[in-house]
Amino acid sequence: MGYILALDSGTTSVRAALVDEQGQIKDIVAYPLTLKVTHTDWIEQDAMEIYTKQCQCIDTLLGSNGLTSKDIVSMGITNQRETTVIFDDAGNPLHDAIVWQSRQSEGICNGLIRQGYTNWITKKTGLIIDPYFSATKLMWLFDTYPNLRKMADDGHLHFGTVDTWLIYRFTKGHVFATDRSNASRTMLFNIHTCQWDEELCALFDIPMHILPNVLKSGDDYGVADIHGSTIQINAVLGDQQSALFGDRCFDYGSVKVTYGTGGFLLANTKDKIVTSTHGLLTSIGVSYGSTMDYVLEGSVFVAGAAVQWLRDELGIIDSAAQSQSLATTVTDSDGVVVIPAFTGLGAPYWHPNAKGMILGLNRHSNKAHIAYATLEAIACQMQDVIAAMRLDLDHPLDRIMVDGGATGNDVLMQMQADISQSRLIRYGSVESTIRGVAFLSGLESGMFDSIASLDQLQLDPFVFKPKRSMEQADRIIARWKKAIECVKLYADS
Ligand code: ADP
């Protein structure tokens, strides 16, 4: 019957995959992306590199499988969210893309907080004022480069997240659009009215005509023209919302954690807008036909990135996978606590000035203890967010779907099951982000009939059950919380 072509335009790589009617990934091709770190925490990417590498992925994928665009039923795009791209009418980037992790708009955010806009903005957008989101990145660009403001005023500048950028290029400028899940992460979108918000745009001084049209996630995004081959684009989803869909979290209160560079806990709250009282964010999930889901989200800035730090900066492991073998040479961290708050603390603390710390060292502490404590830190950070979500949803969260690169680490998964006292379920393929947008594209094109048929697919689940007692978990959490207090004290001093 042919394949769904799913594109995953991530932070560290772009990927393209073929997904069949069993929901299985037949093949996947990835190309790494260059990250430009200009100041300590200013992170940018060449938008043209994102587009050209995405095209190369498609060429290689189709070529190596002996396929042409005729073998593709439809195409879906999932993408790193919040990352801000500006481009002209002809589709030329006007600045490097400002990546979600980038913090050049911290001063702007502090100003908005000082002026008392926190609750007003959260009410409309479901978000917390932070440089993470697109709006203040765009303000920073206009403040820094007055010529960009003039181009915007003259109607020749377009803003988008990475999905919008790719669609504009793929359709040769015919379609300038985004989907609701991506729009809800810009801080310009009203999640109640499901429209760009005039008052927010006025506050941020962002002309509304530079914003893309907002469609449902499952919708007609035009026809991609890739070297003369044409493929219908019918699904667009922010990466975390896509993973939630790919992990088949279709019901109220179903949750997943993605362990990639960062860590992301999302719960499906269906048509209910849940406002967190514990530092979590509300966004829009998948929308298609008459369905529109909301999600509650807690993000941790550093998850797998802490393992990269062990490898690249401390040099105590040669590969991410080695973090597991090194950690298993000890039975615990022997009191060592690592707090990898390299770019501040995200949910539920929202402490942008926090810095990382290693605490509890003794004369015998060694690299294995540090590796163990780093994995434990990833699990403890996630536990903080899980605890916040349990309170917000009044739900036990005793069954958590997991996906992303770091879920290959069984020690980390067992730590998480133990600390959170939850069952973790990992599918045979942890590429849930790809699977989610492929599911949606397949629903739109008729490859899949319904949510019920997606639920029938065999995805080879593996379950991690808690092996430690609640008391042991509580001891680890209590020690972690003490260490967090030290980090906050140091940041505030
Ligand atoms: P992203 O989509 O954010 O680029 P991925 O889902 O591809 O992330 O996961 C990559 C991250 O997972 C890296 O930060 C890497 O350090 C981490 N990682 C990969 N394999 C392992 C492993 N076996 N143990 C721990 N961390 C891992």
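The values are calculated or read from the model by the stated rules, or taken from the named source; none is laboratory data. Computed from a predicted structure; not experimentally measured. Every residue, glycine among them, receives a Cβ derived from its backbone with ideal geometry; neighbour counts consider all protein chains shown. These area figures cover heavy atoms from the full protein model, side chains too; ligands, DNA and RNA do not enter into them. Shrake-Rupley method; radii C 1.70, N 1.55, O 1.52, S 1.80 Å.
Residues satisfying the criterion are present in region 481-489 (criterion: modelled with pLDDT under 95 and either farther than 26 Å from LEU412 by Cβ or outside the structural domain of VAL336 (by TED's automatic domain parsing) (or both)).
Okay, residues lined up against (1) more than 24 Å from TYR259 (Cα to Cα); (2) in contact with a Pro (Cβ under 8 Å, 6 or more places away or on another chain); (3) not assigned by TED's automatic domain parsing to the domain that holds GLN416:
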site: ARG435; (1), (2), (3): no, no, yes
site: ALA438; (1), (2), (3): no, no, yes
site: GLY442; (1), (2), (3): yes, no, yes
site: GLY446; (1), (2), (3): yes, no, yes
site: LEU454; (1), (2), (3): no, no, yes
site: PHE464; (1), (2), (3): no, no, no
site: ARG468; (1), (2), (3): no, no, no
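Of all helices (runs of 4 or more DSSP H) completely enclosed by region 372-466, which ones contain at least 3 residues that are within 15 Å of the ligand (Cβ to nearest atom) and surrounded by 18 or more Cβ atoms within 10 Å (Cβ to Cβ)? Lay out the reasoning, then the answer.
Details: elements: 410-420, 432-445, 451-456.
Those helices (runs of 4 or more DSSP H) span 410-420, 432-445.
Among all residues of region 148-155, there is none that is open to solvent by less than 10 Å² (accessible area, probe 1.4 Å) and not in a helix (DSSP H, G or I).
Mind checking which residues of region 290-311 are over 15 Å from GLY405 (Cβ atoms) and not aromatic (Phe, Trp, Tyr)? Within region 290-311, SER290, THR291, MET292, ASP293, VAL295, LEU296, GLU297, GLY298, SER299 meet the criteria. Inspection of region 296-303 finds no residue satisfying the criterion of being among the charged types (D, E, K, R), closer than 25 Å to VAL14 by Cβ and within 12 Å of the ligand (Cβ to nearest atom). Filter region 37-51 for residues that are in a strand (DSSP E or B), under 19 Å from the mean Cα position of the chain (by Cα) and either away from the ligand (no atom under 14 Å from the Cβ) or assigned by TED's automatic domain parsing to the domain that holds GLY263 (or both) and give the result. Selection gives TRP42, GLU44. Name the residues in region 333-350 that are in contact with a strand residue (DSSP E or B) (Cβ under 8 Å, 6 or more places away or on another chain) and either at pLDDT 95 or above or within 13 Å of the ligand (Cβ to nearest atom) (or both), would you? Within region 333-350, VAL336, VAL337, VAL338, ILE339 qualify. Take the conditions (1) more than 16 Å from the ligand (Cβ to nearest atom); (2) closer than 11 Å to VAL286 by Cβ; (3) of a type in the set (S, T, N, Q); (4) in contact (Cβ under 8 Å) with a residue 60 or more places away in the chain; SER229 misses just one of them, which is (2). Of the residues screened, ALA478 is not one that is on the phi < 0 side of the Ramachandran plot and either in contact (Cβ under 8 Å) with a residue 24 or more places away in the chain or open to solvent by less than 20 Å² (accessible area, probe 1.4 Å) (or both).
Scanning region 1-30 for residues that are among the β-branched types (Val, Ile, Thr) and within 16 Å of the ligand (Cβ to nearest atom) gives THR11, THR12, VAL14, ILE25, ILE28, VAL29.
Kindly check whether there is at least one residue in region 321-332 that is within 30 Å of CYS194 (Cα to Cα), away from the ligand (no atom under 16 Å from the Cβ) and in contact (Cβ under 8 Å) with a residue 40 or more places away in the chain.
At the first step, the residues of region 321-332 found to be within 30 Å of CYS194 (Cα to Cα) are none.
Scanning region 321-332 turns up no residue that is within 30 Å of CYS194 (Cα to Cα), away from the ligand (no atom under 16 Å from the Cβ) and in contact (Cβ under 8 Å) with a residue 40 or more places away in the chain.
Taking each residue of region 377-389 that is in the same structural domain as MET415 (by TED's automatic domain parsing) and looking for partners that are aromatic (Phe, Trp, Tyr) with beta-carbon atoms closer than 6 Å, six or more apart or interchain, yields CYS380/TRP480.
Can you spot a residue in region 272-295 that is within 16 Å of the ligand (Cβ to nearest atom) and assigned by TED's automatic domain parsing to the domain that holds GLN383? Explain how you work it out, then say what you get.
To start, the set of residues in region 272-295 that are within 16 Å of the ligand (Cβ to nearest atom) comprises none.
No, region 272-295 contains no residue that is within 16 Å of the ligand (Cβ to nearest atom) and assigned by TED's automatic domain parsing to the domain that holds GLN383.
Put simply, of THR164, THR178, THR230, THR193 the only residue that is touching a strand residue (DSSP E or B) at 6+ places or on another chain (Cβ under 8 Å), of a type in the set (Ser, Thr, Tyr) and more than 26 Å from ASP143 (Cβ to Cβ) is THR230.
The residue that is most open to solvent (accessible area, probe 1.4 Å), among those in region 13-37 that are among the polar types (S, T, N, Q) and out of contact with any Ser or Thr (no Cβ under 9 Å at 6 or more places or on another chain), is GLN22. Can you pull out every residue in region 48-75 that is of a type in the set (Gly, Ala, Ser) and in contact with a Ser or Thr (Cβ under 9 Å, 6 or more places away or on another chain)? Answer for region 48-75, where residues must be of a type in the set (Gly, Ala, Ser) and in contact with a Ser or Thr (Cβ under 9 Å, 6 or more places away or on another chain): SER69, SER74. Scanning region 275-307 for residues that are within 14 Å of TYR372 (Cα to Cα) and outside any loop (DSSP other than H, G, I, E, B) gives GLY304, ALA306, VAL307.
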